[in-house]
1. What is the percent carbon and sulfur in the accessible area of chain A, measuring with a 1.4 Å probe over the protein chains and ignoring ligands?
2. Determine the sum of side-chain charges near residue A:144: Lys and Arg each +1, Asp and Glu each -1, restricted to other residues whose C-beta is under 12 angstrom from that of residue A:144.
3. What are the trypsin sites (Lys or Arg not before Pro) within the stretch A:219-273 that DSSP puts in a loop, where the Cβ has at most 11 other Cβ atoms within 10 Å?
4. Let's see if you can work this out: charge +1 on each Lys and Arg Cβ, -1 on each Asp and Glu Cβ, no other charges. What is the dipole magnitude of chain A about its Cα centre, in debye to the nearest 20?
5. Amide H to amide H, which residues 5 or more places from residue B:73 or on other chains are under 5 Å from it, using H placed in the peptide plane?
6. Would you mind listing the distances between the residue A:218 label point and the same position in each other copy? Use 7 Å along Cα-to-C-beta, nm, one decimal, shortest first.
7. Counting only heavy atoms of protein chains, what accessible area per residue, in Å², does the stretch B:1-48 have with a probe of 1.4 Å?
8. Considering protein heavy atoms only and a 1.4 Å probe radius, which residues within the stretch A:303-323 exhibit an accessible-area decrease of no less than 10 Å² in the full assembly relative to the chain by itself?
Protein chains: 2
Amino acid sequence: MSDSFEGAAIIGQSGGPTAVINQSLVGVVEGLRENGQITKILGMRHGVSGLVARDVVDLTQTPQDVLDAVAQTPSAALGSTREKPDRDYCVKIAEACRELGVRYFFYVGGNDSSDACRIVNESAREVGYEMRCFHVPKTVDNDLMESDHTPGFPSAARFVASAFRADSRDNASIPGVKINVVMGRHAGFLTAAAALAREDENDGPHLIYLPEVAFDTDRFIADVERVYSKIGRCQVAVSEGIANAEGVAIGATLIENAQTDDHGNVQLSGSGALGDQLSNLVKKGITPTGGRSLRVRADTFGYLQRCWPDPSPIDSVEARGVGRFAAGLANEGHVDGSVAIVRTGSGVGSEAYASKYKRIELTDVAAKTKHMDPSFFAGKIDVSQGFMDYCEPLVGELPRFGAL
Amino acid sequence: MSDSFEGAAIIGQSGGPTAVINQSLVGVVEGLRENGQITKILGMRHGVSGLVARDVVDLTQTPQDVLDAVAQTPSAALGSTREKPDRDYCVKIAEACRELGVRYFFYVGGNDSSDACRIVNESAREVGYEMRCFHVPKTVDNDLMESDHTPGFPSAARFVASAFRADSRDNASIPGVKINVVMGRHAGFLTAAAALAREDENDGPHLIYLPEVAFDTDRFIADVERVYSKIGRCQVAVSEGIANAEGVAIGATLIENAQTDDHGNVQLSGSGALGDQLSNLVKKGITPTGGRSLRVRADTFGYLQRCWPDPSPIDSVEARGVGRFAAGLANEGHVDGSVAIVRTGSGVGSEAYASKYKRIELTDVAAKTKHMDPSFFAGKIDVSQGFMDYCEPLVGELPRFGAL
């Protein structure tokens, strides 16, 4: 497919950052350095908004030791943006690229970013400027189509599983009801990863509530009461995206002056309102026998889930890999595309974990959301062994605890 | 001081657990095994409430590999309690000890636990049963008198500093105002530790609010606005214990159905209410120039601060050490006492960090609270280099980040 298409390349990062999004950035830079047709490698400050404002940084000569340090740094080193480019905006992007001599456009982000990539590509064509646009996947939500999983998810899942494992011991130390709210607007993968925390039969999480399963307040109280009366404590994993039977996200209705981004997403993170509301429901709804009031606490894990500086080793390698692979697509002469991770070794039992990358169409991933496979649920309040087998190989070794 | 005083020993854990409280438990067990007069080593399940209910576990023969695994496990392996024993309760404790043949009583906890130790000692004397009671310090709040610092604090400070360092990158990725609420009812040490996160001039936290400095809402808004207009973002560290000029804890007034423990402490943790309230104040109080609304988010770090399974190496060693030292006091024939950590090497510049343990009186630490030294403050919204020099050697190596 190799052909002649000389020009500069530009890379941007978009959407909620992850612990390994800079691995992908560095992977793209490293991959492009192998391409003789790339005259210059630029980075956009804060995604397309930086590009339009001509706020770019030259990465052509950035030393390898700086790249390696950046790769191990959480959150978007170039800066990210929540800006959703419409047609007019994309024309401005194409014009900026033409002015900067940019022929190769790489955007690291979620499904919204893939869509942006697609529109930039079309807009460039419309203004008669030929460009090649590539999407590099990332999202802690793990909700991109075609991929076994997305870069960023394993590290966030590692944080969530570690947090639940440690917090379950805290909950056992001073028994009560403990509610932990986990990120995930529409897909429950990250909340489901809490299940990896369990080492023994009575370990938490004892209840798991996902956005894919309609949340019912009365059933929630009854679930908590049943677990508490059986083992004297209850650790609960709740997705920030839980919705009622009508599909309305409960958390979004609780945050005072909730903010909405350009994609129409109402703020769910950066507030403890959902946890506090659920905590209050339990305090009012359950009166334990024996007089003592029930101890109820809620934590909302918040942004640490996506930036905690102890990434999954597999995630670090794969995030770098998808970046390099996307650059490779450009180097091979592809005119556009996104990258998916394909699992080639299950990582279960005696079979080692292994994966490879493949090119997919931008439209395969753009503005679509992958949900958890029905086989991943075990009833309404737990996940299946199938999910455990899927998730466990991704997160790396978790701390192991002792007991008396 | 050695004399003859044969009998069983019992160990309990009390109050909010820490990441290294089991190191102290194991340290006591190991130390007591060197004492030929100790006939048996017991553990109380959930502190004195387990003792009174005769819910104890025999640790005399627990294998070393189990002890080592437990030592590296966060939260109280024996279970903890918030129970505050009054005189009557302490008589029951003394009776339980007499029945179990317990002559040596060890209680791992904060200043309330030291007080409990003291009362148990007196109660036993009153009922004519001779006992020897020792307090082993722990608390993430770092607020015990006589000690340079307390076991549990360095690990919690390590979590807080790591969290702020990573979250500052997240805040720089998608600029806005980010408020992080940190544990600490009366003492600001843990919130102050956020300052260790800074690597470069513009890194967060940009503002630090401690319980020792009266919190003023108008000044808070003005502080945030000043930082935001200067660098386009603002990361804020707020203690859950911040109080107004009248000394009223602001957070305690915000939690719906807030719960109060036996020590009269009103619930501050396990709720996002304070962060949400401050977040809302900023949303309403600041209108940025340029039209776009100000992005404001709040996270409350919660219980992960005291159980995160990546303890400070120094903390792990010292927590084990104070346990062994307390057992040593008993072995040497002391009849009571608590343990303080004394810093003998500053850990600043070319001087290595070093510490030793010393015996202090139970009354030196019982029911007293240590506050931050005035020299640790730098104005109303930051900490001094003196605090940094004090804190930095304790937390161990923090992750280092790169930048473009």
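The values are calculated or read from the model by the stated rules, or taken from the named source; none is laboratory data. Computed from a predicted structure; not experimentally measured. Here the Cβ is made from the backbone with ideal geometry for all residues, glycine too, and neighbour counts use every protein chain on show. Please note that ligands, DNA and RNA were not included when accessible areas were found on the heavy atoms of the full protein model with its side chains. Shrake-Rupley method; radii C 1.70, N 1.55, O 1.52, S 1.80 Å.
1. Details: 6670 of 14130 Å².
Carbon plus sulfur share of accessible area: 47 percent.
2. Neighbour charge sum, excluding residue A:144 itself: -4.
3. Working: sites: A:219, A:226, A:230, A:233; in loops: A:233.
Within the stretch A:219-273, no trypsin sites (Lys or Arg not before Pro) qualify (loop, at most 11 other Cβ atoms within 10 Å).
4. Numbers: 40 positive and 53 negative charges, 164 e Å.
That gives chain A a dipole magnitude of about 780 debye.
5. Answer set, sorted by chain and number: A:402.
6. Spacings between copies for this position, smallest first, are 5.1 nm.
7. Details: 1350 Å² over 48 residues.
Per residue, the stretch B:1-48 has 28 Å² of solvent-accessible surface.
8. A:303, A:304, A:306, A:307, A:308, A:309
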